[in-house]
Amino acid sequence: MLKRKFTLGCDVSSLTIVCSVLKTPEKRVLEPKEFANNFAGFEDCLAWFKASDIKAKDLLVCMEHTGVYSESFCYYLYDQGIKVVIESGAKIKKSFKLASHKTDEVDSIAIAEYAIRYADRLTAWEPRKSSVEAVKSLLTSRELFVKHRTAQKNALSAYKRKVVKIDLIREEYEKSIQDLEQTIIKLENEIKSIIEQNEHWVTMLKIMKTMKGVDKLLPYNMFVISNAFSVELEHKRLAAYLRISPYEHRSGTSIKKKAKSPKYGSAIMRKLLFLAAKDACQYNVNFKTYYARKESEGKCYFIIMNNVANKLLKIICAMINSGKPYIPNYCSVNPTLVK
């Protein structure tokens, strides 16, 4: 349990951070105060709560996940020996139905109160390895350049259908596409060079690729999720995190909707798992049989693909945790049935 004597709620924006310190949900120790979102502001914030005799070991800092806006502050607090928690803004918002004003000060108090009330459910934030952060940035940039390349290709395809054409425009489109393709290749080579620095990482990627449909991008993303294969993966929790785990929506006798996955989460991983599921249903005998059986039962195509994606994720997690390659004819046995 991440329970501390004091809890600091932090509302982060691009330029400022607003902090409030609570001892209990009803007792504020320090009223909301604004600091600059830079190193000087972080120093001022540290001096602010230390002036009230609040020690680092007695403090828990909770903030919403705001990407690069909160990253520097998290690293700073971590270096100071302060426990940091990063939570989804949607999760915090759903926990409180505020009927008051919507300001940074009010939000910082609500975040601190959330951390106090749900201390038994919080997980401390820890920085990823530098190599993992590098691969993550490269994968994110690659995805962006791929989208740009697709947009340029679509634009060129549409332009070629025009009656009046100008060679300069066509040439510029083709040049732009070629430049983007070269950039994507460079990013992929850089990812490969980072992975090849560690023999264990190379081995783990080879193990994942023993399964048909698991291409190079999916193993790279699993490398990031597992923090360079340093943590044990639970496929159910990971499926919920990636939003490929359907949730029921029903209440009483009047509300009974079909179970479906939320429309948020890691879109890249969902896309890669969907593509891997398509390959598995085409080339893997077991998945091919499973797909035919579910299709004969009248199941929707996307439901079948989602089920296959979950099965693939379970197998990938098992391969990472065990360090063993894929065994096509492997049959799992329920431990309760083993005497």
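Laboratory data are not the source of any read-out in this text; all were calculated from the coordinates shown. Fair warning: this is a prediction, and the values are worked out from it, not measured in the lab. Ideal geometry is used to build each Cβ from the backbone, glycine not excepted, and the neighbour counts take in all protein chains shown.
In table form, for the structure just shown:
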{"item": "Principal-axis tilt of helix 104-117 within the chain, Cα atoms, nearest 10 degrees", "result": "80 degrees"}
{"item": "q = 0.18 Å⁻¹: log10 I(q)/I(0) that the Debye formula gives for the stretch 1-156, counting C-alpha atoms only", "result": "-1.05"}
{"item": "Proximal aspartates and glutamates relative to Lys33, as straight alpha-carbon distance under 18 Å, when same-chain residues fewer than 8 apart are discounted", "result": "Asp11, Glu43, Asp44, Asp53, Glu64, Asp104, Glu105, Asp107, Glu113"}
{"item": "Within straight-line cross-link reach of Lys136, aspartates and glutamates at Cα separation under 18 Å, skipping those fewer than 8 residues along the same chain", "result": "Glu71, Glu126, Glu188, Glu190, Glu196, Asp215"}
{"item": "Label point distance in nm, Lys91-Val202, each placed 7 Å from Cα along Cα→Cβ", "result": "3.8 nm"}
{"item": "Segment Ala134-Leu15, extension gain: residue separation times 0.36 nm, minus the distance between their alpha carbons", "result": "40.4 nm"}
{"item": "CD proxy at 222 nm, helix term only [per DSSP H run n ≥ 4: -39500 (n - 2.57); per residue of the chain; nearest 500]", "result": "-17500 deg cm²/dmol"}
{"item": "Nonlocal amide H pairs with Leu2, under 5 Å, H built at 1.01 Å", "result": "Leu122"}
{"item": "Within-11-Å neighbourhood charge of Tyr114 [Cβ basis; K, R +1; D, E -1]", "result": "+1"}
{"item": "Residue-span extension gain [Lys27 to Glu105] - 0.36 nm each, minus C-alpha spacing", "result": "26.5 nm"}
{"item": "Sites Ala158 and Lys216, calculated FRET efficiency, Cβ-Cβ separation with R0 25 Å, nearest 0.05", "result": "0.20"}
{"item": "DSSP loop chymotrypsin sites (Phe, Trp or Tyr not before Pro) with at most 16 other Cβ within 10 Å excluded, longest remaining stretch of the chain", "result": "119-263"}
{"item": "Crossing angle, helix 130-159 versus the chain [Cα axis fit, 0-90 degrees, rounded to tens]", "result": "50 degrees"}
{"item": "Cut-off 14 Å between beta-carbons: net charge of the residues surrounding Phe274, Lys and Arg +1, Asp and Glu -1", "result": "+3"}
{"item": "For the stretch 229-243, 3J(HN,Hα) per residue [Karplus equation, 6.51 cos²θ - 1.76 cosθ + 1.60, θ = phi - 60°, Hz, x = Gly/Pro]", "result": "6, 9, 10, 7, 9, 9, 5, 5, 5, 5, 5, 5, 5, 7, 6"}
{"item": "Prolate/oblate/rounded call for the stretch 175-253, Cα gyration tensor, a/c under 1.5 rounded", "result": "oblate"}
{"item": "Volume per residue of the C-alpha convex hull in the chain, rounded to whole Å³", "result": "252 Å³"}
{"item": "Net charge, Lys160 excluded, C-beta distance under 12 Å - Lys, Arg +1, Asp, Glu -1", "result": "+3"}
{"item": "Nearest-ten-degree value, helix 199-208 long axis tilted from longest Cα axis of the chain", "result": "60 degrees"}
{"item": "Charge-dipole axis of the chain as Lys and Arg at +1 and Asp and Glu at -1 on Cβ define it, positive-most pick from Ser52, Ser131, Ala36", "result": "Ser131"}
